[in-house]
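**Q** Pasting in a structure now, in C-alpha cells, and then I'll have a few things to ask.
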Amino acid sequence: MKQILVFQAALVMLMWGCRQDTTSDQRCGIVQQGEEVRYSGPLPNEVRAHLLSDPSSLHPTNSREATRGTVLDLCFQALLTLDISTRQLSPQLAASLPESSADGLEQYFTLHERAAWPDGAPVTAQDVLTTIKAIMAPGADNAHLRGYFDRLQDVRPDPADPRRFTFVLAEYSVQNAFTGAGTYILDRRVYDPQGILDRYTLAQLRDPSSPAARDPDLRAWADTFNSARFVRDPATLGSGSGPYRFTAWNPGQEITLTRQETYWGRSLVAPWHSQYPDKITFQIVKDEQAILLKFQQQELDVSTVLSTQLYTQLDSLADVKSCYTLANRRRDSFVSLALNVHPDGITHKPLFDDRQVRQAIAYALPLDSILRDILPGNAFRASSPVSPGHPDHHKDLKPYPYDPAKARQLLAAAGWQDTDGDQVLDKVVDGKKISFECSFYYPPNAQAVTDFVQVIRDELATFGIRCTLVPESTGNYTKQMRAHRFDMALLSLGSPAIPYEFKQLFHSTSWPEGDNFFGYQNPALDSLIDKARVASQPAARLSLVRSIQETLLEDLPVVFLYYPTKKIILHRRFNHGTIYETGEYVQLNNLRLVRSQ
C-alpha cells in the first residue's frame, strides 16, 4: 500500500510539474510544453524570411554577396561547411573531414556514400574537378574565388572509386585543410554538358599562354556559364544537391524555395541536412515601416538584417516580444571606408594614393561620438579586418583617436591646401590643379547607414574634403567596386571563422581582379602575407599575422571604422529556434513546426 501511495504522489508531482512548465500565448498560437513548442495558429509549415533587397545574382560561383549566400546555402552544398553551433569545420558533401599527408601537401577526400543530385545520380570526384576548373577557366566571371585555390595544383580522382579524390597543394599552409570549404559543388552534367573543361588540366586553365586562353569553344562555354541562365533560371538553379530547391524568383518581391523530396541527406542528423519547413520564402522588403508592420501582423518569421532603429522599435513592442525572440549578436565582419588608392587619374583623381591622406581621414573622424549617436551599443571601434572573436585578431591594436590638428597637419604635409579660398583643398598634380572632391558610394539599405555616411561627409567637409554621396543598389554597388569606379565607399566585409586569409583583400596580385578593390600594393606586406600562408609553426604564423595587421593599420588601404552587430528577430512558434553567434545566425531549414493536437 505504501508503494502505491508513493507512486501516486510521484505521479501527482510529475503532472503538477508539467502543468507548471506549460505556458501559452493565444495571440501567437504558441503553447510551450517543456522543451517543445506547439503551434495552434493558421500559419502553414513555412518559414518567411526577410531580405532588404534582391541579390544581384544567384550564380553559385560568380557572386559573393551575403544575400546570395543566404539563399543558395539551402540549395547547393560544399565539401565542408561551418557548423554554426560549434564554429567548427564539418563535412557536408564529404563523408568526413579530409585526411592529410605528413607534409600537408595532399588532402584526401571521400564523398558521402549517399551524396546525390536531385535525379539520384551520385555526386562524384569528377563533379568536384569540374567545379574547380570552372572557377579557374579563362573568361569565367569568378576571379574573386581564384585566390582561394592558388595553392591547389591538381584534383586527382581515384580511378578505383568515383567518390574519392585528392587535392594536391603546391606548398604547406594552415589553409590547406580548409581548401574547398564553402565552395558550392556543381553538377558537371548541367554546368559543362559537352565536357569542354575536360580538355584542359588546371595548370592549362591557369596559364594565359596555354591553348585554353584562345579556345573559341572554351570562350563560348564561359559566355554561357556567365549568362542569365545560371543567374536566375529555376531549372538550372534547381540542380543543386541541397535540401531545398530553388523554384521561383519574383524580383523585388519574393524568392521561393521548396523542399527537395529526393534529397540524399534527409535521414542525416546534422542541422544543415534538415528539411522541416515545406517551403522557405524570402520576402524582399526595404521600407522600415513596412517591415515593422509585417512583424506586428506576424507576416514575417525571421530577419537578420534589421537596422538598429528598427530593432529598437520592435524590441519596445509588447505584442512583438510575446511572439518573437530578439537578439543582438556581434558579427564576424568589419565596416570600413574603402579608398581607391590606385585610381586611373582620369575619371578618378589621385586623392588617396598618399598614406598621409589616408591617415588624415582616420584622425579627422570623431568615430566614438558618431557611433554613440547613430549606433548606440551596436558597433565597436575597429582596428583590423579580423574581428575580435577570431583567434587571429590582434587585440593590442588601438583605433586612431580623433585628432583634428593631426589630420590637418598630415593633409598639409601631403601637399593639400585651400589656395583659392573656396573651402575645398586643392593640389597641383602633374602640372594641373585638382580639388579634393570625391564620390562616396554607399548602399542605402537602412536609415542608420544613410545617417552615418552623411555625418562622415559633413565631418570631412570641415577639413576641405568635399564628398558627393552616391547611393547605389546592392547589385550596382558591387559592380562599381569590382570595376574600381569609386573614390571612397562604405564597405562591409566578412571575417570567416577559418584561419584569416589576407591575400584576397590586400595582396598586390588580387588587383585588378580579385577582391583588392582598392588597388593597394605594398611589396613588404605581400611578403608578410606570403610567409604567413606557408608558416608551419602556429607561433611563427601568429607573429606574421600580427605584423600584417599592424602594417594595415599604419598604411590604411581602408579606414577601419567599426565591428557591427547583427540584429535578429525570430518567431517563437518553431522548435530549434536557436539564434547562433556566427554564420547565418538562424538555421532556417532546421526550424521545426509541431502542431497542437
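The values are calculated or read from the model by the stated rules, or taken from the named source; none is laboratory data. Just so it is clear, the model here is predicted, and its values are computed rather than measured. Note that each Cβ is placed from the backbone with ideal geometry, even for glycine, and that neighbours are counted across all protein chains shown. Each accessible area value is taken on the protein alone, full model and side chains, heavy atoms only, with ligands, DNA and RNA left out. Shrake-Rupley method; radii C 1.70, N 1.55, O 1.52, S 1.80 Å.
Residue-by-condition table, conditions (1) exposed (fewer than 15 other Cβ atoms within 10 Å of the Cβ); (2) of a type in the set (Asp, Glu); (3) touching a Lys or Arg at 6+ places or on another chain (Cβ under 6 Å):
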| site | (1), (2), (3) |
| --- | --- |
| Asp278 | yes, yes, yes |
| Asp287 | yes, yes, no |
| Asp301 | no, yes, yes |
| Leu306 | no, no, yes |
| Arg330 | no, no, no |
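**Q** Just give me the residues in region 402-429 being open to solvent by 40 Å² or more (accessible area, probe 1.4 Å), in a loop (DSSP other than H, G, I, E, B) and touching a residue at least 24 places away in the same chain (Cβ under 8 Å), in sequence order.
**A** Scanning region 402-429 gives Tyr402, Asp403, Asp418, Gln423.
**Q** Looking at region 510-521, which of the residues that are in a loop (DSSP other than H, G, I, E, B) and open to solvent by less than 30 Å² (accessible area, probe 1.4 Å) is modelled with the lowest pLDDT? Outline the logic, then answer.
**A** Residues of region 510-521 that are in a loop (DSSP other than H, G, I, E, B), as a first pass: 511-521.
From what's left, open to solvent by less than 30 Å² (accessible area, probe 1.4 Å): 514-520.
Working: Gly514: 76, Asp515: 84, Asn516: 89, Phe517: 88, Phe518: 89, Gly519: 91, Tyr520: 94.
So the residue we want is Gly514.
**Q** Of everything in region 308-321, what is surrounded by 20 or more Cβ atoms within 10 Å (Cβ to Cβ) and not aromatic (Phe, Trp, Tyr)? Give them in sequence order. Working first, answer last.
**A** Filtering region 308-321 down to residues surrounded by 20 or more Cβ atoms within 10 Å (Cβ to Cβ) leaves 308, 310-311, 314.
Thr308, Leu310, Leu314 - these are the residues of region 308-321 that are surrounded by 20 or more Cβ atoms within 10 Å (Cβ to Cβ) and not aromatic (Phe, Trp, Tyr).
**Q** Just wondering, is there one or more residues in region 548-556 that are of a type in the set (S, T, N, Q), open to solvent by 10 Å² or more (accessible area, probe 1.4 Å) and not in a helix (DSSP H, G or I)? Break it down into steps so the answer makes sense when it comes.
**A** Filtering region 548-556 down to residues of a type in the set (S, T, N, Q) leaves 549, 551.
Those still in the list that are open to solvent by 10 Å² or more (accessible area, probe 1.4 Å) too: 551.
With not in a helix (DSSP H, G or I) added as a condition, the list becomes none.
The answer is no; no qualifying residue exists.
**Q** Looking at region 145-164, which of its residues are crowded, with 19+ Cβ neighbours inside 10 Å, more than 17 Å from Ala177 (Cβ to Cβ) and touching a strand residue (DSSP E or B) at 6+ places or on another chain (Cβ under 8 Å)?
**A** Arg163
**Q** Of all residues being farther than 16 Å from Asn328 by Cα and touching a Lys or Arg at 6+ places or on another chain (Cβ under 8 Å) in region 565-596, which is modelled with the lowest pLDDT? Just the residue, please.
**A** Restricting to residues being farther than 16 Å from Asn328 by Cα and touching a Lys or Arg at 6+ places or on another chain (Cβ under 8 Å), the top hit is Ser596.
**Q** Tell me, which strands (runs of 3 or more DSSP E) wholly within region 255-343 include 3 or more residues that are within 29 Å of Pro118 (Cα to Cα)?
**A** Details: elements: 279-284, 324-330, 333-339.
Those strands (runs of 3 or more DSSP E) span 279-284.
**Q** Hey, could you check region 522-542 for residues that are of a type in the set (S, T, N, Q) and at pLDDT below 95 and say which is least open to solvent (accessible area, probe 1.4 Å)?
**A** Residues of region 522-542 that are of a type in the set (S, T, N, Q), as a first pass: 522, 527, 536-537.
Filter once more, keeping what is at pLDDT below 95: 536-537.
On the way: Ser536: 72, Gln537: 116 Å².
Among residues in region 522-542 that are of a type in the set (S, T, N, Q) and at pLDDT below 95, the one least open to solvent (accessible area, probe 1.4 Å) is Ser536.
**Q** Among Ala203, Ala220, which is the only one that is under 22 Å from Gln126 (Cβ atoms), at pLDDT 95 or above and surrounded by fewer than 16 Cβ atoms within 10 Å (Cβ to Cβ)? Walk me through it before giving the result.
**A** Numbers: Ala203 fails: at pLDDT 95 or above.
When all the criteria are applied, what remains is Ala220.
**Q** Next question. Please go through region 459-485 and give me each residue that is open to solvent by less than 50 Å² (accessible area, probe 1.4 Å), in a loop (DSSP other than H, G, I, E, B) and closer than 28 Å to Thr183 by Cβ, ordered by number.
**A** Within region 459-485, Glu472, Ala483, His484 meet the criteria.
**Q** What pairs can you find where one residue is in region 299-312 and within 16 Å of Pro277 (Cα to Cα), the other is part of a strand (DSSP E or B), and their Cβ atoms are less than 6 Å apart, with a gap of 6+ or different chains?
**A** Leu300/Arg48; Leu300/His50; Asp301/Val47; Asp301/Arg48; Asp301/His571; Val302/Ala49; Val302/Leu570
**Q** Quick one: which residue in Pro376, Pro401, Pro385 is over 17 Å from Leu337 (Cα atoms) and not hydrophobic (A, V, I, L, M, F, W, C)?
**A** Numbers: Pro401 fails: over 17 Å from Leu337 (Cα atoms); Pro385 fails: over 17 Å from Leu337 (Cα atoms).
On inspection, the qualifying residue turns out to be Pro376.
**Q** Can you name every residue in region 486-509 that is open to solvent by 40 Å² or more (accessible area, probe 1.4 Å), touching a helix residue (DSSP H, G or I) at 6+ places or on another chain (Cβ under 8 Å) and at pLDDT 85 or above?
**A** Matches in region 486-509: Thr509 only.
**Q** Would you please name the residue that is farthest from Leu425 (Cα to Cα), looking only at residues in region 350-401 that are free of Cβ contacts under 8 Å to residues at least 60 places away in the same chain and of a type in the set (Lys, Arg)?
**A** Looking at the filtered set, the residue picked out is Lys395.
**Q** I've got another one for you. What pairs come out if I take residues in region 228-242 that are free of Cβ contacts under 8 Å to residues at least 24 places away in the same chain and pair them with residues that are surrounded by fewer than 24 Cβ atoms within 10 Å (Cβ to Cβ) and aromatic (Phe, Trp, Tyr) whose C-beta lies under 9 Å away, six or more apart or interchain?
**A** Listed by first residue and then by second, the contacts come to Pro234/Trp249.
**Q** Which residue pairs have Cβ atoms under 6 Å apart, sit 6 or more places apart or on different chains, and have a first residue in region 69-93 that is of a type in the set (D, E, K, R) and outside any loop (DSSP other than H, G, I, E, B) and a second that is open to solvent by 10 Å² or more (accessible area, probe 1.4 Å) and at pLDDT 90 or above?
**A** Between residues of region 69-93 that are of a type in the set (D, E, K, R) and outside any loop (DSSP other than H, G, I, E, B) and residues that are open to solvent by 10 Å² or more (accessible area, probe 1.4 Å) and at pLDDT 90 or above, the close pairs are Asp83/Ser90.
**Q** Inside region 187-251, counting only helices (runs of 4 or more DSSP H) that do not spill past its ends, which hold 3 or more residues that are over 23 Å from the mean Cα position of the chain (by Cα) and charged (D, E, K, R)? Break it down into steps so the answer makes sense when it comes.
**A** On the way: elements: 188-191, 202-206, 216-225, 229-232, 234-237.
Correct list: 216-225.
**Q** Return the residues of region 443-452 that are in a helix (DSSP H, G or I) and either modelled with pLDDT of 95 or more or more than 13 Å from Val470 (Cα to Cα) (or both); say none if nothing qualifies.
**A** Initially, region 443-452 is screened for residues in a helix (DSSP H, G or I), giving 447-452.
The answer is Gln447, Ala448, Asp451, Phe452.
**Q** Go through (1) modelled with pLDDT of 95 or more; (2) within 26 Å of the chain's Cα centre (by Cα) one by one and return the number of the condition Lys406 breaks.
**A** (2)
**Q** Considering only residues of region 138-168 that are of a type in the set (A, V, I, L, M) and modelled with pLDDT under 95, which is farthest from the chain's Cα centre (by Cα)?
**A** Looking only at region 138-168, we keep the residues that are of a type in the set (A, V, I, L, M), and these are 140, 143, 145, 152, 155, 160, 168.
Filter again for modelled with pLDDT under 95, leaving 140, 143, 145, 152.
On the way: Ala140: 21, Ala143: 16, Leu145: 13, Leu152: 23 Å.
Applying the filter and picking the extreme gives Leu152.
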